[in-house]
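Asker: Let me give you the structure first, and then I'll get to my questions.
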Amino acid sequence: MRAMQLTAPGTLALRTVPIPDLGPDDLLLRVGAAGICHSDSYVLGLPFPLREDPLTLGHEIAGTIDSVGSAVAGRSVGERGIVYLCWSCGECRECLRGNENVCLAAGRVAMPPCPGLGPDGGMAEYVRIPARSFVPIGDLPFTQAAPLADAALTPMHAIRGARDQLWPGATAVAIGIGGLGHVAVQLLKATTETRVIAVDVSADKLALATECGADVAVRADDDTAAAILELTGGRGAEAVFDFVGSDVTAKLAVETVAPNGAYRMVGLAGGVPGIDSGPAGGPGLPWGATVRKSYGGTRSDLTEVVALATAGALRVEVECFDLAAARTAFDRLDAGAIRGRAVLIP
């Protein structure tokens with residue numbers, strides 16, 4: 001089969017490799033589409049390899065079951081689905097409570113094995129997956145389904161984790177209207193009765209946010225915090241979701257979240273929000289505000305976004321590329337030129 005692999009730091013190659021052997025608890029999926037995430041770009045840019053052998057990238061995977069392991073029950077060849085990206089143990093207290101994304105087997109790092117970030121991923125014609133990671137999608141197109149595995153899963157988890165602040169009439173801010181951010185706007189409008197303020201440096205992405213239902217679009221510049229405070233009567237937004245995670249956006253989130261509000265760090269740009277224990281006031285984190293680093297999501301989050309997409313309440317903006325054109329897609333992503341999500345078609 002063909003597979004897009006990381007063969008050395010910064011080096012992508014389309015290689016011909018064996019179709020994976022199937023274990024008793026596995027499924028072999030014929031890949032229909034694979035999304036490209038900033039996490040993939042981050043791995044591509046690392047100065048060291050994640051493992052000695054070439055690694056097939058891709059954790060947003062949709063496809064059709066091609067074969068079923070001997071110990072797997074309840075799955076059959078021909079079923080269409082996506083892959084839940086947290087390959088957790090399924091047996092520890094966190095997994096049994098439905099918190100598979102912080103599985104105890106992953107230790108303090110709390111990042112269970114994920115396809116394309118250790119095990120081989122889905123930027124290939126086939127991928128081997130644990131049977132328990134398969135989530136049916138019915139007739140949903142693969143290009144729409146694949147990005148749900150992260151671009152919808154991750155914002156859904158962040159939103160559900162701030163649900164107490166998302167009461168009718170509250171204000172939510174989405175910073176960064178990329179692959180996750182444009183989906184987050186739709187999720188907020190579909191599952192809450194909040195006013196949504198979208199923030200981005202790009203006029204095109206703000207236009208996308210408006211298409212997705214954002215009530216207000218604010219261009220990111222030196223006056224963004226003041227604009228959000230003015231829109232919220234000087235108090236700030238009840239929830240701020242940062243899908244960039246840079247120093248600039250982290251600072252903006254701290255400056256614009258309301259007292260008792262929720263600041264959710266989702267983007268991975270290494271930003272430091274500058275929170276201290278001093279008296280609240282001015283640009284600092286206000287009293288009662290919570291900060292949470294939100295990673296991935298639960299299987300429950302994934303089934304919910306699949307249901308929303310199937311019902312027509314959620315649509316991912318995608319740009320499709322042939323598997324062989326992955327390098328072009330990565331370059332466009334890194335340049336901020338992808339509108340929504342880049343998706344590879346094997």
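Laboratory data are not the source of any read-out in this text; all were calculated from the coordinates shown. No experiment lies behind these values; they were computed from the predicted model shown. Cβ: placed from backbone, ideal geometry, glycine included. Neighbour counts: every protein chain shown.
Asker: Where does the longest stretch of the chain lie that holds no GluC sites (Glu not before Pro) found in a DSSP loop with 13 or fewer other Cβ atoms within 10 Å?
Answerer: 194-346
Asker: Does the range 183-228 come out rounded, prolate or oblate, given a ≥ b ≥ c as the square roots of the eigenvalues of its C-alpha gyration tensor, rounded meaning a/c under 1.5 and, failing that, prolate meaning a/b above b/c?
Answerer: oblate
Asker: In whole angstrom, how far apart do the alpha carbon centroids of the range 267-346 and the range 126-159 sit?
Answerer: With the range 267-346 and the range 126-159 each reduced to a Cα centre, they are spaced 14 Å.
Asker: Taking the Cβ of Val17 as the centre, find all other residues whose Cβ is under 13 Å away and add up their charges (Lys, Arg: +1; Asp, Glu: -1).
Answerer: Every neighbour counted, the sum reads -1.
Asker: Return an integer: the convex hull volume of the alpha-carbon atoms of the chain, in Å³ per residue.
Answerer: 133
Asker: Turning to a different aspect of this structure: Ser70 label point, 7 Å along Cα→Cβ, cut-off 15 Å on backbone N: hits in the range 15-49?
Answerer: Inside the label zone: 21-27.
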